Amino acid sequence: MEIKILSALAKVFPDEICNGTEIDAISCLKNEKVSFQIAVKSDSDASVAVSCADEGAKLFSVMFVPVGLAAPDDRDDYFIRDAKSGDYPDVLIPFGGELELKKDEWTSVWCEYTCASAGKKDIEVKIGEESVVVGAQVSDAGLPSQALTCTHWFHTDCLASHYGVAIFSEDYWRIVGNYMKFAVEHGINFILTPL
């Protein structure tokens, strides 16, 4: 099994890693969320257990989505790939404990890390029988309050349709509340919604 620790800016495709400079440490301010990836490739199909005992770390599977037109014919040099279509890493799924590996294909685990205390810390992630360690240098300074407005459209009718619940029912409000909580946790502080 081949394992690489990468920044959150790397793109891990099944056939290659783009912008894939390996890292061994991260730095952050106290209570700041930072992320990194662990790219994994196996020489056989396998299912391996992945875990991290650090309570400041959350693990996610990086899922691929099909892209029909990733690069037009008249593209400039700033596209990440020349392929017109293909599977692109996009969706983060809360980790279920097992990582599915396909022979000779890269996949990745996303690690979101928040540390409440300053100092040096090692974040250990176990992948099957192997362990990787990322050093974290956490500054005692804190982030100032967000002064910018970060907004996204929020269509609750789509949620009701997707989950098969009646609009304004108890289940509807529970689902809306969960999505709002998730939005706040990820820096959204203003919601636009159609009336």
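Entry comment: accessible area of segment 62-169 is 67 Å² per residue, from protein heavy atoms only and a probe of 1.4 Å. Binning the alpha carbon pair distances of segment 105-195 at 5 angstrom intervals from zero yields the distribution 2, 10, 13, 14, 12, 12, 13, 12, 9, 3, 0, expressed in whole percent. Calculated FRET efficiency, V91 to Q137, Cβ-Cβ distance, R0 = 41 Å: about 0.85 to the nearest 0.05.
The packing ranking of peptides 102-110, 158-166, highest mean first, is 102-110, 158-166, where packing means the average number of other beta carbon atoms within 10 angstrom of each residue.
Translational D (Stokes-Einstein, µm²/s) of segment 139-189 at 25 °C and 0.890 mPa s when Rh comes from the Kirkwood sum over C-alpha pairs? D, rounded to a whole number, is 191 µm²/s.
Per-residue packing, averaged as other Cβ atoms within 10 Å, sorts the ranges 14-20, 130-136 into the order 130-136, 14-20, beginning with the highest. Return the label of the correct value of semi-axes √(5λ) of the Cα gyration tensor in Å, as calculated from the structure shown, out of [x] 39, 21, 13; [y] 29, 25, 19; [z] 42, 23, 19. Here semi-axes √(5λ) of the Cα gyration tensor in Å agrees with entry [y]. Given their separation in residues at 0.36 nm each and the Cα-Cα distance between them, F190 and E112 gain 25.8 nm when the chain is fully extended.
Estimated purely from DSSP H runs of n ≥ 4, each contributing -39500 (n - 2.57), the mean residue ellipticity at 222 nm for the chain is -4000 deg cm²/dmol once divided by its residues. The trypsin sites (Lys or Arg not before Pro) found in segment 2-89 that occupy coil by DSSP, while having at most 14 further C-beta atoms within 10 Å, are R75, K84.
Legend: residues I167, I127, sorted from most to least accessible area (1.4 Å probe; ligands, DNA and RNA excluded), read I167, I127.
Rank these by accessible area, largest first, 1.4 Å probe: L92, L29, L6. Write down the numbers at each step before the final one.
Working: L92 70, L29 50, L6 0 Å².
Sorted by accessible area, descending: L92, L29, L6.
The apolar share of the surface of the chain, taken as the fraction of accessible area on carbon and sulfur atoms (1.4 Å probe, ligands and nucleic acids excluded), comes to 53 percent. V48 contributes an accessible area of around 20 Å² to the protein surface, as traced by a 1.4 Å probe with all chains present.
Could you pull out the chymotrypsin sites (Phe, Trp or Tyr not before Pro) across segment 43-91 that fall in loop regions by DSSP (anything but H, G, I, E, B) with no more than 14 other Cβ atoms inside 10 Å? It would help to have the intermediate numbers written out before the result.
Working: sites: F60, F64, Y78, F79; in loops: Y78, F79.
In loop regions of segment 43-91 (DSSP not H, G, I, E or B), the sparsely surrounded chymotrypsin sites (Phe, Trp or Tyr not before Pro) are Y78, F79.
Net charge dipole, segment 60-195: roughly 380 debye, given to the nearest 20, about the Cα centre with Cβ charges of +1 for Lys and Arg and -1 for Asp and Glu. I want to make sure I understand the PRE zone here: with the label point 7 angstrom from the Cα of A46 toward its beta carbon, which residues in segment 79-102 have backbone N atoms less than 19 Å away? Inside the label zone: 96-102. Projecting the Cα atoms of F95, M1, P14 onto the charge dipole of segment 1-160, computed from C-beta unit charges around the Cα centre, puts F95 farthest toward the positive end.
The values are calculated or read from the model by the stated rules, or taken from the named source; none is laboratory data. All values derive from a computational prediction rather than experimental measurement. With ideal geometry, Cβ positions are generated from the backbone for all residues, glycine too; neighbour counts draw on all protein chains shown. We work out accessible area using only protein heavy atoms, side chains counted, and drop any ligands, DNA or RNA first. Shrake-Rupley method; radii C 1.70, N 1.55, O 1.52, S 1.80 Å.
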